[in-house]
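Engineer: Sending over a structure as structure tokens; questions will come in a sec.
The values are calculated or read from the model by the stated rules, or taken from the named source; none is laboratory data. Not measured: the values here are computed from a predicted model. Cβ coordinates were reconstructed from backbone atoms using ideal geometry, including for glycine residues, and neighbour counts include every protein chain displayed. Ligands, DNA and RNA are excluded from the accessible area calculation, which covers all protein heavy atoms including side chains. Shrake-Rupley method; radii C 1.70, N 1.55, O 1.52, S 1.80 Å.
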Amino acid sequence: MDSDEEDFVTYGNPLDPIDEDTLPSKKSIKIEEQYAVDEHGRRRFHGAFTGGFSAGFCNSVGSLGGWEPTNFISSRNSRTEIKSQNAFDFMDDEDRGEHGICPMSVKVKPEYDVKSSDFSSRKRIREIISEGSLSAAPVVQQLFAPVRHTVGVKLLMKMGWKPEQGVGPRLTKAEKKLRKKTQEYVQKVYGCQLPTNVESKKDAEESDESDLDINLDEITFAPDDYKSYVLELKQNTFGLGYKGMDRKNILSSNKPEFSKLTVNGKTIRGQAFGVGILEDDDDDIYFHDDMSDYDFSLGPSNKEKNVKKQYSLDDGCIEGFHVSIKANKIREKFSLPVIPNDWNSTKSIFPETMTEWEVEREKSEFVKAAKLYRPLSDDMANRFTVGSQEDVHDILKPVEKTVNIKDQAMKEAATRKLYGPLTRKKFSWIPDRVLCKRFNIPEPISAGTLQVAAETTKHKNHGISIFEVLKSDLRIEAIKKDWSNDKNEIDNGVQPSESMQVSFENEIPDMKDKNEENDIDDKIAGITEKVDLFKAIFLSSSDDEDEEKDNTPAEFIPIPKEETENEIKKKSDKISYSPPRGIFTNLDLDSLRYKPNISKNTEIIEKEEKINTTSDIKAAEIDPQMYGPQIPMNLIRGKVARPSHIFKTNSKEVNSVWVEKNRKHKKKHKKHKKHK
Amino acid sequence: MDYVCTQTIDCGQGAIRAVRYNVDGNYCLTCGSDKKIKLWNPNKGLYLNTYAGHGNEVLDVASSCDNSQIVSCGIDKTVILWDVIKAQPLRRLRGHAGKVTSIAFNEESTAVVSSSEDNRVMCWDIKSRQNTPIQVLKDANDCVMKVKVTANEILTGSLDCRIRRYDIRMGELIEDYIGEYDKKLCFIDPVTCVTFTSDEQCVLASCTDETIKLFDKKTGELLGEYSGHKTNDYYIECCIDKTDSFIFSGSIDGSIWCWDLVKMNSVNQLIHNKKAIVHSLSSNPIKKGILSASGSNIKVWMSSSLLEDTELSEI
């Protein structure tokens, strides 16, 4: 045995010998006597289930000396400073510690923390093309743009690129169109959506316009820019290809794929057929209507066109293909431009910082732009004027002020203190009707009141009722004849407010009150007659007398577009060119128009942007657009205004839709939302 | 002419932006930079009520003819109509695009006219619940500093050097060019001058060229010019006393300058505060007296002759 012990080789330092007595015995301490303590040895008392914490100084006061007050600092001189307390004043180290209520520790910011899920790379996030996404995040991102261009952008710009352009060889308009078509084709065939330019719609519209004068092959454009496709990490748990709720499905009325049900060899197509509880289809069963599904006339439809089979199968090539018609274009090579010997670069309008090459490019672009130049439309042109002075090249030279001669005289008079006619200008000003009422002053009649101002009103429009259209005609005539006699107010007078719009109820009381003194009594009587007639027909008896603007006159009143009479007349000459929307999208209106067998009760449905077709169809004695019983001829020729005006849906003066007017009272409920 | 200071009230509102008498001269209102309006009894120096609700400093205030409502305006671009007793805002009229500099009731207190830094003057309807202005006057080319309303006119003074008088009865706008670009219009005060001829009316205009001009309303001619005070670039108000005998103006030297209207000479200088600017004045509509505001306190000045009378009557 000894020999075995001596053969052992020891390595390392031995541990200290254990003193058995000093070891704390584990089991002798009872559980009841074991207390939870924190790092300071203080007993943890509160929050036992969450790990426990002790409050204050052994659960009594804050420190050995009790609660320590904050040092007093005189605030006499700093009275106006806002004294406030915050929660941090009451927290101690434990609260600010790891398990406290407000842990304050040094952490890595989420954007730099690689491990957290919030980690967003410091690299610039490329724009995400999301399908059917309802989030506004891309919009918000677009709001913030960097101040300086990146290096890549700078390089591109030096090579002639401009922001919003694409990169690549310049294309003619035709080539561009072709590109777009290819994109659409790809989308159609492969079902995927290539990133498209937002302005593709605009271009589509522009292409419809005739560009007969311009030889488009000469003009090249930069290719459209496209947004690079960024592969998005899938961070969700629904299946591949799952598309969330798409607004389009709900808000638009796409033609649904009708479900079909086949029974005994016969099929029924339509909404809800084929979609029952036993079916798997999750077809949208909400009703989607489209006008193109309806017939507008009886008889065989002309819409069916058989697509001719242009190519036979046996063309000597694979099924589904045909021999190409167009020969492949051989790539053309262009030679360098020949510069004439005596060509010198002339003075130009370009800044000195631009290189010659850039100047050339700009020149060529201006030339192209000039070819495409179209003068500004009227509305825009009114806001601009030609400068009176020529452009000055020396930017440091001070520009002389343009001097108005009239104002000069005025200013001189003012300096010499000759105040009076030279410094005074008079304008006609039309005070508002309500303003005159509040000041208890009768409305002034001046030349200005006869103008039908085009400015927008501040009053709420309750819609022009038919009455005003009729009345105003007669009224204006009456006033024009007699206004020189009348210094006082004319009771039916055109309001001196800035537009012709007044709701009907405000008119009637005026008329009734001030009937007596004027020369145009007869005409007024005539007007009142007609008005009474309309009133009797249309007004409900209760809605008469109030002067309040919130009153609604009748149950059914045609609510045309809110426009002055002038504008109505202007518009009757114009035809709407905006494309039909909604259920009218697929409707082919042209084919419907010139049909000779329009019955009297044709429903040419009126919507706001619909094209008025009446002007095309000649109005005979009997207007084919009129429906309802025919009015006897003696009434039409009489002095009474034609009630037929009312029934004409396509009248030239009023473009209106019969709509039930909501009581304004309902709107009052909405008030109590905001207090502050 | 002897005006004595009968009361000095420290309003405790930060800086007073404007002080105004009410319609009968028994109460006055102070607009403070602390966004509040305070109602006082100036004769007794008593504080009565506070109206808080503006989002920023209050610049002008007017009281209604029946003392039941107050309308105020401020830098927060709003006009607020208050109930005097409840101290609650009744209406908030939003429409201006810039700070609202001045406000006035019409005679019957059924409409309110406000002028603003956005070059607009807006007329509001108090009677109805309309929250949009009845009419917007857009003729000014620069900030409209002051608006005053009489029985049938609206008078506005703008920094584009023009006084505009909107005559509602005649349906006219009369624009008076006052001075060159550097002589901007500061403050105006319509005045009924009985001393000239009956029914003749004058307009008092305080200009930044440190003069106060008196114009004939009908012809636009200059009737008088008063100077001596210092305004620099500040908005210093002027007023005329009830009897149309004296013209008062604030000044940056801390005193109120008084001139005899007819003689155009400087009669007196009432010292309000030697260290601060006196910028706001209000003339008592009933008695001969004025209010002046400087810094954070206001002073009530009364004609000494009046005081003797009141003392006698009290005894």
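Engineer: Read through the list (1) in contact (Cβ under 8 Å) with a residue 40 or more places away in the chain; (2) open to solvent by less than 40 Å² (accessible area, probe 1.4 Å), then give the number of the only condition that B:Ser255 fails.
Structural biologist: (1)
Engineer: For the stretch B:128-146, enumerate the residues that are among the small types (Gly, Ala, Ser) and surrounded by fewer than 18 Cβ atoms within 10 Å (Cβ to Cβ).
Structural biologist: In the first step, residues of the stretch B:128-146 are kept if they are among the small types (Gly, Ala, Ser); the result is B:128, B:140.
Scanning the stretch B:128-146 gives a single hit, B:Ser128.
Engineer: Given the criterion open to solvent by less than 10 Å² (accessible area, probe 1.4 Å), in contact with a helix residue (DSSP H, G or I) (Cβ under 6 Å, 6 or more places away or on another chain) and either at pLDDT below 90 or more than 8 Å from every other protein chain (Cβ to nearest Cβ) (or both), identify the matching residue among B:Gly179, B:Gly157. Spell out the reasoning first.
Structural biologist: On the way: B:Gly157 fails: in contact with a helix residue (DSSP H, G or I) (Cβ under 6 Å, 6 or more places away or on another chain).
Every option except B:Gly179 fails the conditions.
Engineer: Right, another one. List the strands (runs of 3 or more DSSP E) that sit entirely inside the stretch B:17-76 and contain at least 1 residues that are open to solvent by 20 Å² or more (accessible area, probe 1.4 Å). Explain how you work it out, then say what you get.
Structural biologist: Details: elements: B:28-32, B:36-41, B:46-52, B:58-63, B:69-74.
So the answer is B:36-41, B:46-52, B:58-63, B:69-74.
Engineer: Do we find that A:Ile445 is crowded, with 18+ Cβ neighbours inside 10 Å and at pLDDT below 50 in this structure?
Structural biologist: Numbers: crowded, with 18+ Cβ neighbours inside 10 Å: yes; at pLDDT below 50: no.
In short, no.
Engineer: Which number in (1) at pLDDT 80 or above; (2) more than 21 Å from B:Lys263 (Cβ to Cβ) marks the one condition that B:Tyr226 misses?
Structural biologist: Just one mismatch for B:Tyr226, condition (2).
Engineer: A further question follows. Mind checking which residues of the stretch A:348-402 are at pLDDT below 70 and of a type in the set (Phe, Trp, Tyr)?
Structural biologist: A:Phe350
Engineer: Just the residues that are more than 26 Å from A:Val139 (Cβ to Cβ) and modelled with pLDDT under 80, please, taken from the stretch A:94-111. Before the answer, list the steps.
Structural biologist: Filtering the stretch A:94-111 down to residues more than 26 Å from A:Val139 (Cβ to Cβ) leaves A:94-108.
Scanning the stretch A:94-111 gives A:Glu94, A:Asp95, A:Gly97, A:Glu98, A:His99, A:Gly100.
Engineer: State whether the residues of the stretch B:123-145 include one that is more than 14 Å from every other protein chain (Cβ to nearest Cβ) and closer than 12 Å to B:Val79 by Cβ. Talk me through it step by step, then tell me what you get.
Structural biologist: Going through the stretch B:123-145, the residues more than 14 Å from every other protein chain (Cβ to nearest Cβ) turn out to be B:142-145.
Remaining after also requiring closer than 12 Å to B:Val79 by Cβ: none.
Scanning the stretch B:123-145, I find no residue that is more than 14 Å from every other protein chain (Cβ to nearest Cβ) and closer than 12 Å to B:Val79 by Cβ, so the answer is no.
Engineer: On to the next question. Just for the stretch A:403-417: of the residues that are more than 10 Å from chain B (Cβ to nearest Cβ) and either modelled with pLDDT of 75 or more or not in a helix (DSSP H, G or I) (or both), which one is surrounded by the most Cβ atoms within 10 Å (Cβ to Cβ)? Please lay out each step first, then the result.
Structural biologist: Let us first name the residues in the stretch A:403-417 that are more than 10 Å from chain B (Cβ to nearest Cβ), namely A:403-406, A:408-409, A:416.
Imposing the further condition that a residue be either modelled with pLDDT of 75 or more or not in a helix (DSSP H, G or I) (or both) reduces the set to A:403-404, A:408-409, A:416.
Details: A:Val403: 9, A:Asn404: 10, A:Gln408: 10, A:Ala409: 12, A:Arg416: 9.
In this case the residue turns out to be A:Ala409.
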